[in-house]
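Heads up: the structure comes next, in structure tokens.
The values are calculated or read from the model by the stated rules, or taken from the named source; none is laboratory data. Computed from a predicted structure; not experimentally measured. Don't worry about glycine lacking a Cβ; one is built from the backbone with ideal geometry, like all the others, and counts go over all protein chains shown.
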Amino acid sequence: METDFLKISDLKKSFGTGEARQEVLRGMDFTVRKGEFCVLLGPSGSGKSTLLNIIGGIDTPDSGYISINGDKLEDMDEKQLTIYRRKHLGYVFQMYNLIPNLNVKENIEVGAYLSDKPLDVEEVLTTLGLQDHKYKYPNQLSGGQQQRVSIGRAVVKNPDILMCDEPTGALDYKTSKEILALIEDCNARYGTTVIMVTHNEAIKNMADHVVKLRDGVVRHNDINHNKIPASELDW
Amino acid sequence: MRNPLVKRIPKELASDWHKYLVIVIFMVLMIGVISGMYVGHDSMIAAINRGREELKIEDGSFELSERASEELLEAISSGEKADVRQYFIDKGISEADKEVAKAVEDELQKQVRTTIEDAVREQCAAYGITDEQMIQEQIDSAMEAQYDNALKEARNSEEFKEAVEDAYEEAHNAVIEEVDEKWNDIEDQYGLNDGDFHPVQITIYEDFYHNASEDNDNDGIEDATVRIFRKDSEINGASFIDGRAPESESEIAIDRMHADNVGVKIGDTITVDGRKFEIVGLLSYVHYLTLHENNTDLMFDAFGFDVAMLTGEAFDDLPSRLHYNYSYMYDVKPADKIEKADCADNLLKSLITQTLVYDNEIDDFLPEYLRQASNFAPTDLESDSAGTSIMCYILIAVIAFIFAITISNTIEKEASVIGTLRASGYSREELTVHYMSMPLIVTIAGAVIGNILGYTAFRKMAIYLYYNSYSMPECGIEWSPVALVKTTIIPLLLMFFINLFIIARKLQLSPLKFLRHDLAKNRRSKARRIPAWSFLRRFRIRILFQNMPNYAVLIFGVIFIELMLCFAFGLPDSLNHYGDRAADMVFADYQYMLMRYKDEDGNIIETSEPTAERFSSTSLLYPKTRSSVIDGMGSGGDESVTVYGIADDSTYVDIPGDLASGNVYVSSAFVSKFGLKNGDVITLHEEYENKSYEFTVAGITDYDGGIAVFMNNGSFAEVFDKKADGFSGYFSRNEITDIDAQDIAVVITTKDITKITNQLMHSMGGFMDIFKYTMVVLAAALIYLLAKIIIERNEHSISMVKILGFKNSEIGSLYITPTAVIVTVFSVISFVVGYFLMIWIFQAVMMQMDGYFAFYMTPVSMVLSVVYLLIGYAFVSVIDFIRIKKIPMDVALKNVE
């Protein structure tokens, strides 16, 4: 693994003004290596989603910076940020945000369209176990199936970084593990760097790198030398 | 790879088909009807203009009392004035010569007789003969023997010749003296002292006609006057709408409009001048687009007057008097109205003088540009487009409005998807294009179908309406750039830019805001306090507050609907109101416009009618500089203003007798239309001359019948350089019976005004019904769309309260009642807004037409326009309730966007 693929340096972010001002990120520093499965762990309000959004270029810090492969996000204008997201990032949200009037395959194609080096859509469908459902519409799928589609839409781009914001937050135990296994598989198979935000402590066990956040600062920044497969997770 | 988002578009269409169907119907109806009106209008105008070219419409005509000689026609063609002075001198000399010759001969014979008689008597006396009988015998025999020779001798004598010459010279001089003495009057009478005169060369065509009696049901009673022309006339041709030209002596082709009105058709037989003819064709003569029998008729009469075509033989056989009507074409076409007027003026001088010197008489002279029968319809067509313009402006506003709300609704609905796509790397431009494609496709579809219908079905309908009013020629399809721009290009551009503006503005928000559904610019930080009412009531109030922006949209929509309904009800009301107020539209029960104020003998035309009062009038133009608000299809140009010279202490028009020169009173219609006030200076100018006059508005006269200016008779004569005793006609309370009909140009009574409005109702009635029903349908469609949006936006909440256990009836009362209250309250308020907006629009549109009539709605229409909306809403709320019932509970539970 390369070092310092993603560098987060003294990142600060607050919301509101005056008395209502709330510092969400209060100087955050850590790096993520290429191909790493990184979990951002923390309770609600710890700033993990805000951090993820800033990494994803859809939110901006008040100070500090993020660099990817040496390119600082703060130097990028709106257009460059869009290209950055388009070329490097895949997004998986807790809410699947699928396009209701496109079927499974088409929803995945929405991601493929953005990439210069997309994966084969059929292959992704197979990997995600969606072959039998590829002509179904989102409202014909269960939550887990919808999240698979949302993962498919993100990974089909063959992104450098897969950003996952509580991807199992709305799913049951069994489905959650299936989804985590898929993300793990993508990480292993395509070498995609994964940054996953979760409040589920158990998930840290499958990660290469665990960053624990609390009150807007990094409490622990650990490399997990004993990671276990997702299928063996328990909570 | 093709953008997969493209695949959404047909699916989006299919899933929300009823919404898009309503929008498409909306667009198709509006674009179709309006473009149909425009295309029909343009096609008709083009057909008229083509007809003028192809059917060779005259530049004017004159009728003589006798058939013109070749020499006279040649002389008129040259455009030269005849030497009237010489004519009178020659005529005088010729008469004088006859008299002199007779007088000289009589005198000579008398003198020869006396000389012979004296010589015989002298001889008899020398011979001492005294018997008178014998002397008489001698005289008789001498007369017999010598008279002829003596007469001959006397005639040859120098003395006699001298005397004769002197007599002729004296007589000739007397004639010349007399002509010269009267020359000024003659010059004045025939307008011969015009330094600007230039000959206008023309080509003359015979266009003789008979005015025959027409009995179209063959019951022996005359039903109409029919003006019959020859089939082989070289000028003023006819367009055949149905059938063909007559080919045998028993065939006739008559005016299509007249045939429609009196109910005869091809194959029927009618009696003309006592002879039976079979109708073989229905035509429209290029110079009789409206059936004006006389050019001075205020309104045409398609029932009592007809024009027809016969073969040359049948024409020649007609017993009724032949009218020697000659049509002419200028060899060099005058470029504009001013030149036309100038040409007509010069030609008339030539015509008057030439007919005079060729001993013929002019019965009628009519330049084509003044011809009612060929100009009334095209001018009227222009004003017909006013309603279309109003509808067009409302259309554009409504379409813009619909799309603005549809787009912002879609964007709000899809906020999460947009946020995800943006976060995934879709650019703003890509999403802008994507979200713009849907409304653009719908508008283009609406526009294409609308235009197709506009050029087919609706065009036919418009044409049919024109055929219903006028004797129009056959009409093809004419490409109408105005229709395309106004009904298609402008809505498309408008939609494009509104979309672009709203979408681009919304997409400025960060992906995060979309993901969080945080689309409002300003969010209230604190909840509003509500009094301690019942829970459901407070819930309803909360829903009301929460949906404020939606209700704002609904209120705007209701204003549009009321505007549309005000137009639908107000237009016929305004016309009827105008007709009902006919009595106020005239100054007097009878208004006589005279041909001239002196009769042929130079005596002032007087009447014994005690209520008669003289007035003077002329027509000037007022520039419409303030009409730039809306650039519509109307006639534009300048407003025609009638200037009246009123008698001091007039009983008909209330203006002060001591009005200073240059000060005028203006009609209330003038004030309403142009917003004049006391002290304003208005500049009026001549239509055919480069001459203008300035007047100061000193007061307002309550007269809504037209755009008019009033001044004292004295000022009138002074300003317009008229004779002090001159005038134009009489106002009278009673009918005037002692003025020769030949001296009267036109009589205006309240009946005529009613006739005009009736004709207007007849012509526009069809349009108005279409407008009305289109507007009602569109209003219903609009409120359907608006109510749908409110329910759609609340789908999630409705689903949630269903889960919580609320019954459908309770949910209905929660979500429908606030809407019903808003619609009811605002339908009344919007009516007021729509009503005043309509007054304003009407005013702006009136600017493009000549004349003025104000927007008016009857109280019944006012109530109906609100009631229609409420009935429409009642239907929509039933649909809403069904919609609420159908919302599934899993909307709130399923995480599906």
Of the residues B:M862, B:M838, B:M847, which is out of contact with any helix residue (DSSP H, G or I) (no Cβ under 6 Å at 6 or more places or on another chain), modelled with pLDDT of 85 or more and surrounded by 15 or more Cβ atoms within 10 Å (Cβ to Cβ)? B:M862
Pick from the stretch A:142-158, criterion more than 9 Å from every other protein chain (Cβ to nearest Cβ) and assigned to a loop (DSSP other than H, G, I, E, B), ranking: nearest to A:Q94 (Cα to Cα): A:S142
If you go through the stretch B:716-736 one residue at a time, do you hit one that is within 20 Å of B:D601 (Cβ to Cβ), part of a helix (DSSP H, G or I) and without any contact (Cβ under 8 Å) to a residue 12 or more places away in the chain? no
List pairs: first in the stretch B:841-858 and closer than 19 Å to B:L565 by Cα, second among the basic types (K, R) and modelled with pLDDT of 80 or more, Cβ under 8 Å, 6+ apart or cross-chain? B:Q843/B:K673
So which helices (runs of 4 or more DSSP H) stay within the stretch A:72-141 end to end and still have 2 or more residues that are at the interface with chain B (Cβ under 7 Å from one of its Cβ atoms)? A:78-88, A:104-112
What pairs can you find where one residue is in the stretch A:110-132 and closer than 22 Å to B:A423 by Cα, the other is assigned to a loop (DSSP other than H, G, I, E, B) and small (G, A, S), and their Cβ atoms are less than 8 Å apart, with a gap of 6+ or different chains? A:L114/B:G425
With B:F535, B:F569, B:F587, B:F545 as the choices, which residue is more than 45 Å from the chain's Cα centre (by Cα) and in contact (Cβ under 8 Å) with a residue 12 or more places away in the chain? B:F545
Which one of the conditions (1) within 30 Å of B:A47 (Cα to Cα); (2) surrounded by fewer than 20 Cβ atoms within 10 Å (Cβ to Cβ) does B:T487 fail to meet, given that it meets all the rest? (2)
Taking the stretch B:467-481 and keeping only residues that are under 24 Å from B:S239 (Cβ atoms) and surrounded by fewer than 22 Cβ atoms within 10 Å (Cβ to Cβ), one is left with B:Y467, B:N468, B:E474, B:G476, B:I477, B:E478, B:W479
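This table checks each residue for (1) surrounded by 15 or more Cβ atoms within 10 Å (Cβ to Cβ); (2) modelled with pLDDT of 95 or more.
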residue	(1), (2)
B:A212	yes, no
B:D215	yes, no
B:D219	no, no
B:A224	yes, no
B:F229	yes, yes
B:S233	yes, no
B:D242	yes, no
B:A253	yes, yes
B:D260	yes, no
Do any strands (runs of 3 or more DSSP E) entirely within the stretch A:1-56 hold 3 or more residues that are farther than 24 Å from A:R86 by Cα and in contact with a helix residue (DSSP H, G or I) (Cβ under 9 Å, 6 or more places away or on another chain), and if so, which? A:22-32
Looking at the stretch B:586-600, is at least one residue surrounded by fewer than 16 Cβ atoms within 10 Å (Cβ to Cβ), part of a loop (DSSP other than H, G, I, E, B) and assigned by TED's automatic domain parsing to the domain that holds B:V641? no
Of the candidates B:L519, B:L554, B:L544, B:L492, the one satisfying the condition of being hydrophobic (A, V, I, L, M, F, W, C), surrounded by 13 or more Cβ atoms within 10 Å (Cβ to Cβ) and either part of a loop (DSSP other than H, G, I, E, B) or on the phi > 0 side of the Ramachandran plot (or both) is B:L519
Surrounded by 20 or more Cβ atoms within 10 Å (Cβ to Cβ) and either aliphatic (A, V, I, L, M) or within 44 Å of the chain's Cα centre (by Cα) (or both): does that describe B:F88? no
Of the residues that sit in the stretch B:246-286 and are aliphatic (A, V, I, L, M) and within 25 Å of the chain's Cα centre (by Cα), which one is nearest to B:D317 (Cα to Cα)? B:I254
Based on this model, can you work out whether B:F62 counts as hydrophobic (A, V, I, L, M, F, W, C), assigned to a strand (DSSP E or B) and either surrounded by 14 or more Cβ atoms within 10 Å (Cβ to Cβ) or within 14 Å of chain A (Cβ to nearest Cβ) (or both)? yes
Mind checking whether some residue in the stretch B:370-380 is more than 30 Å from B:V482 (Cα to Cα) and either assigned to a strand (DSSP E or B) or at pLDDT 85 or above (or both)? no
Need the failing condition index for B:S813 against (1) surrounded by fewer than 21 Cβ atoms within 10 Å (Cβ to Cβ); (2) of a type in the set (G, A, S); (3) within 27 Å of B:F674 (Cβ to Cβ), just the number. (3)
Is one or more of the residues making up the stretch A:58-68 in contact with a strand residue (DSSP E or B) (Cβ under 6 Å, 6 or more places away or on another chain), away from chain B (no Cβ under 13 Å) and acidic (D, E)? yes
